[in-house]
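Participant: Structure in structure tokens, see below.
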Amino acid sequence: MDDLSGKVALVTGAGSGIGRGIALACADEGMDVILADVQEGTAQAVAAEVEAKEVQALAVDLDVSDTVAYEWLAERVYDQFGELNLLVNNAGVMTAGPVSQGSQADWHWTFRVNLFGVINGVNAFLPRMRAQDGDAHIVNTVSMAGLRLNEQIPLGVYSSSKHAALAYTESLHDELATEGIGVSALCPGGVDTLIGMSERNRPNEFGGPSDQAARGFSPGMMSQQMNPEDVGRVVIRGVKANRRLIFSHPELRAQVERRYQRIMDDFDFFSQQD
């Protein structure tokens, strides 16, 4: 999609961080934007910023793990806007700590949002996007954690969910390529977001909310990282170019290369004759 003006985007996790940055970047392109977030009132605040750019905005409260709510949202979007050209499955949560110590609640909550939240968004909107006449593109926020293992903070549960989200996104990319529907995995590094405070939105069934930062994170730690609005502009560039992977931190390439070099080393070992 070279020209996004007049088209329609939906962004989950749009009430703050990367979601907000993407929503504002879409509005700058002249897109109408549906903003969804699980934290009540945050999407409405960003919707006001979007409307100030003289495009339409619709703010909704949404738990991306709720398939019924997603189906309701899909019906509302198509009733009000007639089509959806850009679906950004961005909502995500983080749990931290040694992977061997992850609780069942940690695993279920993290995958419920980071993987099944993406799947639910695609399942709700893809059939409608296939049937519409307008352009269609899907962006799933994966994180660099889908390509590497963090070298400073133990993020095994989170990284596992992101590896799964990357495999899903790449598979979807290949399946939809012949239909003309673009699919991209957004793989950002450190960004100034509240991801380290994800526990504030943990449902009661998975242990309930907490004001504690994820292990290895401290208040204000992420403020030294990339501006989310810059990430939003990178996403727009990637969508226009129909890239499979969208990188906001190319300087992290060496970390990915080290991870895959370890894999190649084992290939080399077993390719050698005794």
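Participant: How much of the DSSP beta bridge set in the chain is antiparallel, as a percent to the nearest 5?
Facilitator: Values: 0 of 27 bridges.
Antiparallel: roughly 0 percent of the beta bridges in the chain.
Participant: Note the direction-averaged projected area, equal to a quarter of the hull surface, for the Cα convex hull of segment 8-271, in nm². Kindly include the intermediate steps, with their values, before the conclusion.
Facilitator: Numbers: hull surface 58.5 nm².
Mean shadow area of the hull around the Cα atoms is 14.6 nm².
Participant: Explain nothing, just the number: dipole magnitude of the chain about its Cα centre with +1 on each Lys and Arg Cβ and -1 on each Asp and Glu Cβ, in debye rounded to the nearest 20. Walk me through the numbers on the way to the answer.
Facilitator: Numbers: 21 positive and 37 negative charges, 117 e Å.
With Lys and Arg at +1 and Asp and Glu at -1, about 560 debye.
Participant: Sorted by packing (mean other beta-carbon atoms within 10 Å per residue), highest first, where do 45-52, 159-166, 198-205, 17-24 land? Before the final figure, lay out each step's value.
Facilitator: Details: 45-52: 17.6, 159-166: 22.1, 198-205: 15.5, 17-24: 27.6.
Ranked from most to least packed, the peptides come out as 17-24, 159-166, 45-52, 198-205.
Participant: List every residue whose amide H lies under 5 Å from the amide H of Asn150, counting only residues 5 or more places away in sequence or on a different chain, with H placed 1.01 Å from N in the peptide plane.
Facilitator: Here Leu155 satisfy the definition.
Participant: Something else: Taking the dipole about the Cα centre of the chain, with the C-beta of Lys and Arg at +1 and of Asp and Glu at -1, give me whichever of Ile153, Ile181, Asn90 is farthest to the positive side.
Facilitator: Ile153
Participant: Through the Karplus equation 6.51 cos²θ - 1.76 cosθ + 1.60, θ set to phi - 60°, convert the phi angles of segment 164-172 into ³J(HN,Hα) values in whole Hz; use x for Gly and Pro.
Facilitator: Per-residue couplings from phi come out as 5, 5, 5, 4, 4, 5, 5, 5, 5 Hz.
Participant: Roughly speaking, what is the stretch gain from Glu83 to Ala131, that is 0.36 nm per residue apart minus the C-alpha to C-alpha distance, in nm to one decimal? Spell out each step's value before the answer.
Facilitator: On the way: separation 48, 0.36 × 48 = 17.28 nm, distance 0.94 nm.
Extending this stretch completely gives an extra 16.3 nm.
Participant: What 222 nm value per residue comes from the helices of the chain, counting each DSSP H run with n ≥ 4 as -39,500 (n - 2.57) and dividing by all residues, nearest 500 deg cm²/dmol?
Facilitator: Details: 8 runs with 118 residues, N = 274.
Helix contribution divided over all residues of the chain: -14000 deg cm²/dmol.
Participant: Another one. Taking Cα pairs under 8 Å and at least six residues apart, what relative contact order does segment 8-271 come out at, in percent? Walk me through the numbers on the way to the answer.
Facilitator: Working: 509 pairs, mean separation 53.4, N = 264.
Result for segment 8-271 is 20 percent.
Every number in this text was worked out from the coordinates using simple rules, so none of it is lab data. Quick caveat: nothing in here was measured; it's all calculated off a predicted structure. Cβ coordinates were reconstructed from backbone atoms using ideal geometry, including for glycine residues, and neighbour counts include every protein chain displayed.
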